[in-house]
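Here the structure comes first, spelled out in structure tokens, and everything after it is commentary.
The values are calculated or read from the model by the stated rules, or taken from the named source; none is laboratory data. On a predicted model such as this, the values are computed, not experimentally measured, just so you know. Cβ placement follows ideal geometry from the backbone for every residue including glycine, while neighbour counts extend to all protein chains displayed.
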Amino acid sequence: MIPEKPPYRVPSLEETRALEDAEGAARPAVVSTFSGCGGSCLGYRMAGFRVLWANEFVPAAQDSYRENASPRTVLSTRDIRSVMPEEILAAVGLQAGDLDLFDGSPPCASFSTAGKREKGWGKVKAYSDSAQRSDDLFFEYVRLLRGLQPKTFLAENVSGLVKGTAKGYFLEILRELKACGYRVEAKLLDASWLGVPQSRVRLIFQGVREDLGATPVWPKPLPYRYSVKDALPWVDRAIHDTGGNSPNRWAANEDVTGKPCPTITTGVNGVNGVNACHYKVFTVEADAWMTRHATGREWEKLKAGGQSEKYFQLVRPSLESPAPTVTAAGGNAGLASVTHPTECRKFSIAELRRICGFPDDFVLTGSYQQQWERLGRAVPPPVSAAVARGLLPIVQAARKDAT
């Protein structure tokens, strides 16, 4: 018998912080690299870990990370190539071998199946608000792993790393990780089977230090998946747009004005099992609307769940399924990508947080496109939380044996 699907919900940042404050140093310690806006770190915090040190090189991502980080987390902003493992250990007050979990999501655009792939290998290319070579950064992660010797590690990359000519990189990375003294496994995980309302397949490397005598533990897929409508139960019930951006043919009624502050007020009956009408007000950013672009005209031709033949990556999600993969560049309204299911626009940032598995009170900074990019690059917190929960008993047993 398939268990009943609970209402979609991600623990709030406030709830996570309260648990951290209550449990304190009893929580196993994490060091994170390539931390982005903090998606993987938040997942570890939800799973019962504490993040002591994190590194992020992109200034816009640093700003968002600071807004949501624990006050006990040290944020390094240096190029990871110049960071030494001894510096990290000194900053967190640990010796080599003491760290519980080492995390990293090296930039992965070079291995993505979308784009030129190997034509960019070995070259400095634009990445977010910076320019850097990215196909070698996984080996910087390995260098730090070798020096830190944590009990366990988790690393994430795109599924394209195990496809085509990139397989050579994958096999070399796997050999290097094992050579650091770890039992290593790698699997493709789809976030939509781990509590995220988005079909997002990523390659996860997981390692347990050889002396611990344990093997990697993988989360079991849930017996259900969350849909766009589960995450956004009001999505087809918008009743008021004060922005003047939404043409009447896309509004739920004709109550559309030209006021400068675009907000949507929605009425939803029975949300989370409550038999009352709940109202939620959120901003739809002006940059989200596609109506002035060719992609907007193409969107009008699509049915729910449809994909454009002209713009291959232009997809109008079905309300009853998880959203397609959110890409980092999708915040450009004129660029073909996943869209809102019922209105000619991209998701608002408030909506996108939910689609990407982030809590409503997670703060993002910068422009609409920068906030979208942060979410498009992030590891969904429920995914890192699910994987980390499997490692928690291993590190707790190792900590107990060490005392």
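General observations
- Verdict on VAL51 being in contact with a Gly (Cβ under 9 Å, 6 or more places away or on another chain), among the aliphatic types (A, V, I, L, M) and either in a loop (DSSP other than H, G, I, E, B) or modelled with pLDDT under 95 (or both): no
- When we screen ARG17, ARG9, ARG45 for residues that are of a type in the set (D, E, K, R), out of contact with any strand residue (DSSP E or B) (no Cβ under 8 Å at 6 or more places or on another chain), under 17 Å from PRO380 (Cα atoms) and touching a residue at least 12 places away in the same chain (Cβ under 8 Å), the only hit is ARG9.
- Subset of the range 159-183 [β-branched (Val, Ile, Thr) and under 14 Å from GLY104 (Cβ atoms)]: ILE173
- Across the range 353-384, the number of residues qualifying as in contact with a Pro (Cβ under 9 Å, 6 or more places away or on another chain) and in a helix (DSSP H, G or I) comes to 6.
- Tally of residues being within 23 Å of the chain's Cα centre (by Cα), surrounded by fewer than 17 Cβ atoms within 10 Å (Cβ to Cβ) and charged (D, E, K, R) across the range 166-210: 2
So that you can scan it fast, the table gives a plain yes or no per residue for (1) surrounded by fewer than 14 Cβ atoms within 10 Å (Cβ to Cβ); (2) part of a helix (DSSP H, G or I); (3) modelled with pLDDT of 95 or more:
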| position | (1), (2), (3) |
| --- | --- |
| GLU4 | yes, no, no |
| PRO7 | yes, no, yes |
| VAL10 | no, no, yes |
| ASP21 | yes, yes, no |
| SER32 | no, no, yes |
| GLY36 | no, no, yes |
| CYS41 | no, yes, yes |
| TYR44 | no, yes, yes |
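- The residues in the range 173-204 that are in a helix (DSSP H, G or I), within 15 Å of LYS220 (Cβ to Cβ) and touching a Gly at 6+ places or on another chain (Cβ under 9 Å) can be counted, and the count is 1.
- Top-ranked residue of the range 122-155 - restricted to ones that are assigned to a loop (DSSP other than H, G, I, E, B), within 24 Å of the chain's Cα centre (by Cα) and at pLDDT below 95, ranked as surrounded by the most Cβ atoms within 10 Å (Cβ to Cβ): ASP135
- Of all residue pairs spaced 6 or more apart or on separate chains, those with beta-carbon atoms under 7 Å, a first member in the range 345-357 that is more than 19 Å from LEU314 (Cβ to Cβ) and a second member that is among the acidic types (Asp, Glu) are ILE349/GLU285; ARG353/ASP360.
Here's the yes/no breakdown for (1) assigned to a loop (DSSP other than H, G, I, E, B); (2) surrounded by fewer than 18 Cβ atoms within 10 Å (Cβ to Cβ); (3) in contact with an Asp or Glu (Cβ under 6 Å, 6 or more places away or on another chain); (4) not aromatic (Phe, Trp, Tyr):
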residue: LYS303; (1), (2), (3), (4): yes, yes, no, yes
residue: PHE312; (1), (2), (3), (4): yes, yes, no, no
residue: HIS340; (1), (2), (3), (4): yes, no, no, yes
residue: PHE347; (1), (2), (3), (4): yes, no, no, no
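- A search for C-beta distances below 7 Å between a residue of the range 305-329 that is closer than 16 Å to VAL201 by Cβ and any residue that is in a loop (DSSP other than H, G, I, E, B) and among the aliphatic types (A, V, I, L, M), counting only pairs 6+ apart in sequence or on different chains, returns GLN313/ALA336.
- Some residue of the range 196-216 being in contact with a Ser or Thr (Cβ under 6 Å, 6 or more places away or on another chain), without any contact (Cβ under 8 Å) to a residue 60 or more places away in the chain and closer than 18 Å to ALA304 by Cα: no
- For the range 320-338, the candidate set comprises residues that are of a type in the set (A, V, I, L, M) and under 19 Å from PHE358 (Cα atoms); within that set, the residue that is surrounded by the fewest Cβ atoms within 10 Å (Cβ to Cβ) is ALA329.
- Close pairs from the range 86-99: first touching a residue at least 24 places away in the same chain (Cβ under 8 Å) and under 16 Å from LYS151 (Cα atoms), partner among the hydrophobic types (A, V, I, L, M, F, W, C) and part of a loop (DSSP other than H, G, I, E, B), Cβ under 8 Å, at least 6 apart: LEU89/ALA96; LEU89/LEU99; VAL92/LEU99
- Any chance ARG78 is within 24 Å of LEU177 (Cα to Cα), part of a loop (DSSP other than H, G, I, E, B) and basic (Lys, Arg): yes
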